[in-house]
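FYI, it's all coordinate maths here, none of it is from the lab. None of these values were measured; they are calculated from a predicted model. Heads up, the Cβs are rebuilt from the backbone with ideal geometry, glycines too, and the neighbour counts pull from every protein chain shown.
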Amino acid sequence: MKKCNLLLNIVGFSLIAVPLFLSTSSCSIVKYGYFRELDFSGVKPKSVVDLKIPNFSIEKILNGTKNFHSGNYALIFGCEAIKSSNLFFTGPSSGKYHDYSDEAQFSNGVLSKNFDELKNYQSQVDFGILCIFDFIKEEDVKNLPTTNSYHGDRGVPYSQVWTSEDEEFVNKEPIKSLHPNWKDIVKKDKFIREDSSANNMRSVIEYIKTLFSSDIFKLSNSSSADEANFPYAMVWKDGIPQKSYFSTYKNYDDLVNKLIINLWLEKK
């Protein structure tokens with residue numbers, strides 16, 4: 001049976017982590033996760049730590065449940081290495097954040113700037129917004145070999161792998177003598193990042209792929225994440241996955257018109 005480290009617990013529009021065990025090809029969920037909920041019942045969040053921690057399992061959320069906002073919700077994926085992701089979640093002036101305990105600003109992103117309007121929409125139809133984010137901590141990447149694929153910064157998505165050129169580079173002089181351990185790290189098609197956040201994001205995606213085919217769920221672990229992919233959302237109505245709405249949502253109008261107005265509000 002295939003094993004994968006999955007994680008998380010979730011509720012509403014939240015990201016959370018909770019130990020859980022799934023049986024789909026026998027995937028186990030580990031006690032580490034990045035789900036949070038944008039909770040419209042409270043005040044507008046000022047920083048990442050203000051986002052609500054949910055109490056539903058990722059299994060329930062992904063398989064569909066009416067127990068969370070009547071089954072109307074979106075799960076939005078973000079990646080710190082991707083500019084379009086940061087603009088959507090934290091805004092252009094907020095800087096990067098590295099986990100959900102950071103006091104990084106949340107008030108300049110698309111979701112927060114339109115919080116009051118979203119709250120008004122939720123008074124008309126019950127819905128929730130959940131987020132899952134790939135964070136990059138400096139200590140997790142600062143000692144990685146410097147190659148064509150990795151330049152010594154934190155801009156490495158969870159899905160990026162070493163290339164044959166990288167492998168050739170670390171096995172040639174003078175690099176081979178200067179950094180003899182690099183050849184053990186850099187292997188073609190091996191993931192560059194092996195930190196908890198990257199592993200967890202890949203594990204969640206692997207589990208999702210047991211539920212939805214690649215022509216429906218478009219995020220992948222096999223190639224580098226890029227601007228074209230993020231922010232990406234999975235969507236449910238009445239607890240049923242709305243596969244035609246699984247898509248990249250680049251701006252607020254996109255999110256409101258396609259999901260809230262056309263899906264949840266007009267078809268309630």
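Numbers for the structure displayed
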quantity: Cross-link pairs Lys113/Lys142; Lys190/Lys218; Lys218/Lys258 - those with Cα-Cα distance over 25 Å; calculated: Lys113/Lys142
quantity: Simple label model, 7 Å out from Cα along Cβ direction - Ile261 to Ser244, nm; calculated: 1.8
quantity: Distance between modelled label sites at Glu194 and Asp116, nm, 7 Å Cα→Cβ extension; calculated: 5.0
quantity: Residues with amide H under 5 Å from that of Gly78, placed H, sequence gap 5 or more; calculated: Ile132, Phe133, Asp134
quantity: Separation in nanometres of the label points that stand 7 Å from Cα toward Cβ, at Asp153 and Lys66; calculated: 4.9
